[in-house]
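Asks: Structure in structure tokens, see below.
The values are calculated or read from the model by the stated rules, or taken from the named source; none is laboratory data. Owing to the predicted nature of the structure, the values given are computational and were not obtained by experimental measurement. We place every Cβ from the backbone using ideal geometry, glycine too, and count neighbours over all the protein chains shown.
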Amino acid sequence: MTTSLETDLCGTRLRNPTMLASGVMGETGDSLLRVAEAGAGAAVTKSIGLEPRKGYPNPTLVELDDGYINAMGLPGPGIEAFGEEMSVALKGGIPIIASLFAAIPEDFVTLAVRMQEYGASAIELNLSCPHAKGYGMEVGVDPEAVANIVMHVKAAIDIPLWAKLTPNTHRLLDVARAVEGAGGDAIVAVNTVKAMAISVEARRPVLFNRTGGLSGPAIKAVGLRCVYELYEAVDIPIIGVGGAETSRDVLEYLMAGARAVQIGSGVGRKGLGVFQAACGGLIRYLEENGFSSPSDIVGVAHVQ
């Protein structure tokens with residue numbers, strides 16, 4: 001039996017099921033090119049908005065033993081300047097997924113249409129950032145608002161549309177069903193968990209924004225739980241994200257129901273070699289257990 005890591009995701013072929021998550025090394029074409037060269041199956045850009053955005057002043061990042069807390073404030077170059085970055089990123093030969101943030105459906109449409117023109121293989125709607133006022137999670141916890149955004153964007157583009165959801169809500173499954181009902185092609189689960197750190201010496205919150213998003217191994221159990229529940233709630237594909245750094249992490253997400261797995265904080269903690277290491281362990285597991293592809297184990301944890 002020949003074992004291959006090739007993965008089909010909403011009609012897009014990935015050479016393996018690992019992807020760079022949005023927010024890490026996704027702001028420039030050169031950095032996205034490096035991710036492709038490092039072996040990722042696809043890469044998601046930094047979340048891009050209509051206009052250039054500086055983000056929050058420092059401090060914006062807290063490093064923990066088991067992850068990070070960040071409150072960057074969605075800094076970025078804006079959609080007009082990002083075309084040049086996309087032209088460089090596409091030279092890597094892997095699908096580039098455009099992560100977008102906006103406050104209203106019309107702005108999401110404008111961004112998505114432009115990213116499709118730039119050559120993006122799919123659109124990932126950031127409906128889940130926990131620290132940017134007026135964007136992300138503030139929009140993404142309302143199923144009706146989410147459905148309205150998805151419906152408008154889906155009608156305007158020809159490439160797949162993914163929605164990245166927040167774990168910071170008791171309505172996760174309702175929001176996911178709203179995405180599916182409005183025509184969304186996939187769910188990305190999950191974004192960071194709202195968190196904070198306190199400086200004992202300064203007697204105040206460490207981050208300028210006070211609260212931020214917790215990522216890394218600290219939230220893997222949360223991400224797995226969300227993917228597991230979503231797999232039983234919707235029929236569209238799920239992309240897992242949250243704390244994955246090793247082949248074992250990737251395997252857990254696949255078994256919970258994910259078709260592909262994004263790695264973000266793991267790049268910061270372990271370097272770009274994290275993709276090849278995860279894929280090496282994954283293909284060894286598949287070969288040793290008689291599986292021909294990652295799709296053979298998607299959702300197997302649900303079989304009783």
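Conditions tested, residue by residue: (1) of a type in the set (S, T, N, Q); (2) within 25 Å of Val150 (Cβ to Cβ); (3) in contact with a helix residue (DSSP H, G or I) (Cβ under 6 Å, 6 or more places away or on another chain); (4) crowded, with 18+ Cβ neighbours inside 10 Å.
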{"residue": "Asp8", "(1), (2), (3), (4)": "no, yes, no, no"}
{"residue": "Gly11", "(1), (2), (3), (4)": "no, yes, no, no"}
{"residue": "Asn16", "(1), (2), (3), (4)": "yes, no, yes, yes"}
{"residue": "Leu20", "(1), (2), (3), (4)": "no, yes, yes, yes"}
{"residue": "Lys46", "(1), (2), (3), (4)": "no, yes, no, yes"}
{"residue": "Val88", "(1), (2), (3), (4)": "no, no, yes, no"}
{"residue": "Pro95", "(1), (2), (3), (4)": "no, yes, no, yes"}
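Asks: Another one. Any idea which of Val62, Val109 is among the β-branched types (Val, Ile, Thr), over 28 Å from Val146 (Cα atoms) and not in a loop (DSSP other than H, G, I, E, B)?
Replies: Val62
Asks: Out of the stretch 139-191, which residues are of a type in the set (Lys, Arg) and assigned to a helix (DSSP H, G or I)?
Replies: Once the filter is applied, which keeps residues that are of a type in the set (Lys, Arg) and assigned to a helix (DSSP H, G or I), the stretch 139-191 yields Lys154, Arg177.
Asks: OK, next. State which residue pairs qualify: first residue closer than 17 Å to Lys270 by Cα and without any contact (Cβ under 8 Å) to a residue 60 or more places away in the chain and inside the stretch 25-39, second residue crowded, with 18+ Cβ neighbours inside 10 Å and aliphatic (A, V, I, L, M) in any location, beta carbons under 8 Å apart, and separation of 6 or more residues or different chains.
Replies: Pairs that qualify, where the first residue is closer than 17 Å to Lys270 by Cα and without any contact (Cβ under 8 Å) to a residue 60 or more places away in the chain and the partner is crowded, with 18+ Cβ neighbours inside 10 Å and aliphatic (A, V, I, L, M), are Ser31/Met25; Ala36/Ala43; Ala36/Ala89; Ala36/Ile94.
Asks: Residues being more than 14 Å from Pro167 (Cβ to Cβ), under 17 Å from the mean Cα position of the chain (by Cα) and assigned to a loop (DSSP other than H, G, I, E, B): count how many of those fall in the stretch 224-249.
Replies: Looking only at that region, the number is 5.
Asks: For the condition touching a Lys or Arg at 6+ places or on another chain (Cβ under 7 Å), β-branched (Val, Ile, Thr) and surrounded by 18 or more Cβ atoms within 10 Å (Cβ to Cβ), what is the one hit in Ile123, Ile149, Ile79, Ile69?
Replies: Ile79
Asks: Here are some residues: Leu111, Leu64. Which one is aliphatic (A, V, I, L, M) and either free of Cβ contacts under 8 Å to residues at least 24 places away in the same chain or crowded, with 19+ Cβ neighbours inside 10 Å (or both)?
Replies: Being aliphatic (A, V, I, L, M) and either free of Cβ contacts under 8 Å to residues at least 24 places away in the same chain or crowded, with 19+ Cβ neighbours inside 10 Å (or both) holds for just one of Leu111, Leu64, which is Leu111.
Asks: I would also like to ask the following. Could you identify the single residue in Ala103, Ala156 that is modelled with pLDDT under 95, among the small types (Gly, Ala, Ser), surrounded by fewer than 24 Cβ atoms within 10 Å (Cβ to Cβ) and within 26 Å of Ala43 (Cβ to Cβ)?
Replies: Ala103
Asks: Next up: When residues of the stretch 22-44 are filtered for being surrounded by fewer than 18 Cβ atoms within 10 Å (Cβ to Cβ) and in a loop (DSSP other than H, G, I, E, B), how many remain?
Replies: 1
Asks: Inspect all residues belonging to the stretch 232-251 and state whether any of them is surrounded by fewer than 19 Cβ atoms within 10 Å (Cβ to Cβ), more than 30 Å from His170 (Cβ to Cβ) and among the basic types (Lys, Arg).
Replies: no
This table checks each residue for (1) touching a residue at least 40 places away in the same chain (Cβ under 8 Å); (2) touching a Phe, Trp or Tyr at 6+ places or on another chain (Cβ under 8 Å).
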{"residue": "Ile198", "(1), (2)": "no, no"}
{"residue": "Arg204", "(1), (2)": "no, no"}
{"residue": "Gly223", "(1), (2)": "yes, yes"}
{"residue": "Asp235", "(1), (2)": "yes, no"}
{"residue": "Glu245", "(1), (2)": "no, no"}
{"residue": "Leu251", "(1), (2)": "yes, yes"}
{"residue": "Gly268", "(1), (2)": "yes, yes"}
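Asks: Another question, then. State all residues of the stretch 22-34 that are in contact with a helix residue (DSSP H, G or I) (Cβ under 7 Å, 6 or more places away or on another chain) and at negative phi; if no residue qualifies, say none.
Replies: Selection gives Val24, Gly26, Thr28, Gly29, Asp30, Leu32, Leu33.
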